[in-house]
Amino acid sequence: MVAAIAAVGVGVWLWLGHAATEADDPQHGAASDGVVVAVAKVERGPMENTLTIAGEFKPFQDVDVHAKVAGYIKKIYVDVGDHVKGGQTLAVLEVPELAAELTGADAQVRRARQEIRREQGDVQRAESAHAAAHSMCMRLKQASEQQKGLVAQQEVDDAQAKDLETEAQVSSAQAALSAAQQQLEMADANQKQFSAMTDYTRIVAPFDGVVTARNADTGSLVAAGTSSSSQAIAIVRIAEISKLRLVLPVPESIAAQIHLGDPVKVKVQALNQDITGKVSRFADSLDIETRTMETEIDFDNRDGKLISGMYTETQLMLAERPHALSVPLEAVAENGNDRTVLLVTPQNTIEQRKVRLGMQGSSRVEVVAGLKEGDRVVIGNRSQYHQGEKVQPKEAAPMGSDGGGAN
């Protein structure tokens, strides 16, 4: 009984104190019209949808330089770190058997040419003999026709036979000349082949670059790079570093949004420096194992600041809206395919409103339909408010630019 009386006394005292507070503070009295709720205004501002991907720089070109023919290293002129020009001699091979084969091919060419000259002489002799025999035959035939019995028929027949025989000898000599010319062509082709193989004893740089590896020394025996029966080791490795590729594995979810020329912001962690570029090329197909699309950005590196293998954090710009109408992410609730917000009306009552959303940033989301600029939406815990409830809105800080995205 005493406890009950004490409780009633405490309640009356609290009520009196609350009434006195309301009399002294009109704003506190107004709060009795509704609970305080945090709201944010629907505002327009710049929005970006970006994706941050880790990548690394690679040389624009990177090749192993092999020998075309097997042989010994007679002289090697470069070492690791040397900068070379395209066409510069890197090493010279010594291939004794190839030199002997080239000498033999030269001899075959000379022999074939001599054979052609001999056959040309045979053709000229055969043509001269045929001309003489043909003239003799024609004179005997004319004399026999002009005066019967002046020339024996046997002599006419012998002259005709001689004419035909020398004509056949001309054809035979011409055929022999043609065969000799074909032999010269074969010998010449053989000589060119060995001459070209001899040229391969000089190893040259395929492009301007830097030597990144050297696998042979003077006197080393190297196998031909075209040999499939042996594991041929490259003499040197050359990389073009005046221009680098930044290779990015773009995930399947946004692969279709990548376009040539898209702006790229790259943070080089080793240099603590940001650089910008544009998408230069992409594979336009996904890797089956990683479900990513290889995308490349080219960077000029003539100053040599960037090093192949450096890791980067690359920010791809997927979309940009300079004047997007947006609300904070925490203001939006999802229920299946529906998206809703709690709107605070001009009468300070709660109204649930369906909205259609667009691009999403790190902290805000674009509103395509359902709200207008200046509307107030509830942020924070929505479960404690219901439709038509009277509230006292308290506005949060205005938005800044939103350049968020997914990592």
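In this Cβ point-charge picture (+1 for Lys and Arg, -1 for Asp and Glu), the chain has a dipole of about 360 debye about its Cα centre. Out of every Cα pair in the range 124-218, what percent are spaced more than 17 Å from each other? Summing the P(r) of the range 124-218 above 17 Å gives 71 percent of all pairs. Please compute, over every Cα-Cα pair in the range 108-149, the percentage with a separation greater than 12 angstrom. Looking at the range 108-149, the distances longer than 12 Å represent 69 percent of pairs.
Taken along the Cα-to-beta-carbon direction at a fixed 7 Å, the label points for Ala107 and Gln147 span 6.5 nm.
Take the Cα radius of gyration of the range 102-175 and divide it by 2.2 N^0.38 Å, N being the number of residues; the result is 1.70.
Spread over its residues, the convex hull of the C-alpha atoms of the range 249-375 is 163 Å³ per residue. Measuring spread by the Cα atoms of the range 47-89 yields a radius of gyration and Dmax of 19.5, 64 Å. Of the Cα atoms belonging to the range 223-306, the radius of gyration and Dmax stand at 17.3, 49 Å. Compared with the direct C-alpha span, the chain from Gln174 to Asp82 gains 27.1 nm at full extension, assuming 0.36 nm per residue.
Between the listed residues Ser242, Ala223, Ala38, the Cα displaced farthest toward the positive end of the dipole of the chain, a dipole computed from Cβ unit charges relative to the Cα centre, is found at Ser242. Remark: relative contact order (the range 101-225) = 39 percent; criterion is Cα-Cα distance under 8 angstrom and separation of 6 or more residues. Between the listed residues Ser362, Ala324, Leu342, the Cα displaced farthest toward the positive end of the dipole of the range 312-399, a dipole computed from Cβ unit charges relative to the Cα centre, is found at Leu342. The sum of -39500 (n - 2.57) across all DSSP H runs of n ≥ 4, divided by the residue count of the chain, sets its helix-only mean residue ellipticity at 222 nm to -11000 deg cm²/dmol. Around the amide H of Leu357, modelled in the peptide plane, lie the amide H atoms of Val368, all under 5 Å away and 5 or more residues distant in sequence or on another chain.
Kirkwood's formula applied to the C-alpha pairs of the range 153-192 gives a hydrodynamic radius of 12.3 angstrom. Expressed as a whole percent, the accessible area of the chain that falls on carbon and sulfur atoms is 51 (1.4 Å probe). Think of the chain as having a plus end and a minus end, set by charges on the Cβ of Lys, Arg, Asp and Glu; of Ser172, Ala159, Val268, Val268 sits farthest toward the positive end of this dipole. Could you give the longest part of the chain that holds none of the GluC sites (Glu not before Pro) found in DSSP loops with at most 16 neighbouring Cβ atoms within 10 Å? Longest site-free region, per DSSP loop and neighbour criteria: 1-288. Its relative contact order, with pairs defined as Cα atoms under 8 Å and 6+ residues apart, puts the chain at 29 percent. Free of any trypsin sites (Lys or Arg not before Pro) that DSSP assigns to a loop and that have at most 14 other C-beta atoms within 10 Å, the longest stretch within the chain is 149-290. A compact globular protein would have a Cα radius of gyration near 2.2 N^0.38 Å; the ratio found for the chain is 2.21.
A Förster distance of 56 Å, applied to the separation of the beta-carbon atoms of Gln387 and Glu252, puts the FRET efficiency at 0.85. On the beta carbon distance between Gln120 and Glu43, with R0 = 60 Å, the FRET formula returns roughly 0.05. Pairs of Cα atoms nearer than 8 Å and 6+ residues apart set the relative contact order; for the range 280-407 it is 20 percent. Once the gyration tensor of the Cα atoms in the range 86-138 is diagonalised, the equivalent ellipsoid follows with semi-axes of 50, 12, 4 Å, ordered largest first. Taking 0.36 nm per residue of separation and subtracting the current Cα-Cα distance, fully stretching the chain between Glu334 and Arg356 would add 6.8 nm. Inter-label distance, Asp284 to Thr226: 3.3 nm, where each label sits 7 Å from its Cα along the C-beta direction.
Determine which lysines satisfy two conditions relative to Lys141: a Cα distance under 25 Å, and not lying fewer than 8 residues away in the same chain. Reachable lysines: Lys162. A crude spin-label estimate for the pair Glu373 and Arg302, with each label 7 Å from Cα along the Cβ direction, gives 4.6 nm.
The values are calculated or read from the model by the stated rules, or taken from the named source; none is laboratory data. It should be emphasised that the depicted structure is a prediction, and the values quoted were computed from it without experimental measurement. Cβ atoms come from the backbone with ideal geometry, glycine included; neighbour counts cover every protein chain shown. Each accessible area value is taken on the protein alone, full model and side chains, heavy atoms only, with ligands, DNA and RNA left out. Shrake-Rupley method; radii C 1.70, N 1.55, O 1.52, S 1.80 Å.
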